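What follows is a set of notes on a single structure, which appears directly below.
The values are calculated or read from the model by the stated rules, or taken from the named source; none is laboratory data. Quantities reported herein were computed from a predicted structural model and do not represent experimental measurements. Here Cβ is always computed from backbone atoms with ideal geometry, including for glycine, and neighbour counts include all displayed protein chains. Note: areas computed on protein heavy atoms with side chains; ligands, DNA, RNA excluded. Shrake-Rupley method; radii C 1.70, N 1.55, O 1.52, S 1.80 Å.
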Amino acid sequence: MRLSLMPRERRFYDLFKQQGKLVSDSLTELSKSLLEGRSRHPRLRELEHACDEVTSQIYELVNRTFVAPIESEDILLLASRLDDIVDLAEEATDKLELYRIKQVTAAARAVGECLAAAGQQIERALEHLEGFHGLHEQRAEVNRLEEEVDRITRDALGQLFADNGMSASELIKWKDLYDLLENTMDACDQVANVLQTVAIKNA
């Protein structure tokens, strides 16, 4: 069986573009859920399944390709980290539904907007992965957004535990949601760091 290297090299970039779009769409849907105060879990579940499929295709392509355009371990790590973002976004909307959240805090809405912005930066970076153009700027912006989310979350948690009028069950729900949203942003930052590493290796 002959290996056709160039088409498969091209397909890596195409698949990562698909993952980037799915990440951006997922984080946008999550942000809308937080802004509207209602779960969009069915749509997030669709996006999560689609991302799983693309991730699986990337894994299979790595196993079938003799010479990949990027180191195989970096391809696998990047695909896995991107999939993590969509998984976390899906979990967050599931929790909004499970916890029957009706009134979303201003802090959670602000975090959602940061996540949607980070998703756009990641999508843009993956659209230019082949030439590694602009990755430094996009990584810097995702890092800035991650620091902003850290600040928002820290302040929100402080206010959460200072609010004596909140029931224990509500406190537990919001502590879990804030942690989950922060973990989603951390996953975005991890992707940005992987992209930066890939760019340095292939400079």
Problem - Per-selection metrics, the chain (Cα): Rg and Dmax in Å - result: 18.2, 69
Problem - Sparse-neighbour loop sites [trypsin sites (Lys or Arg not before Pro); segment 18-119; at most 14 other C-beta within 10 Å; DSSP] - result: ARG100, LYS102
Handout entry: segment 42-130, accessible surface, carbon-and-sulfur percent (1.4 angstrom probe)
Key = 46 percent
Practice task
Kindly provide the helix-only [θ] at 222 nm of the chain, computed as the sum of -39,500 (n - 2.57) over DSSP H runs of four or more divided by all residues, to the nearest 500 deg cm²/dmol?
Solution key: -29500 deg cm²/dmol
Exercise for the section: Quote the relative contact order of segment 58-146 in percent (integer), defining contacts as alpha-carbon pairs under 8 Å separated by 6+ residues. Expected result: 19 percent
Practice task
Find the centroid of the Cα atoms in segment 7-39 and in segment 133-168, then give the distance between the two in whole Å.
Solution key: 21 Å
Handout entry: Anchor LYS102: lysines whose Cα lies under 30 Å away (excluding residues fewer than 8 positions away in-chain)
Key = LYS21, LYS32, LYS173, LYS175
Handout entry: Surface per residue (accessible, 1.4 Å probe) for segment 47-203, Å²
Key = 48 Å²
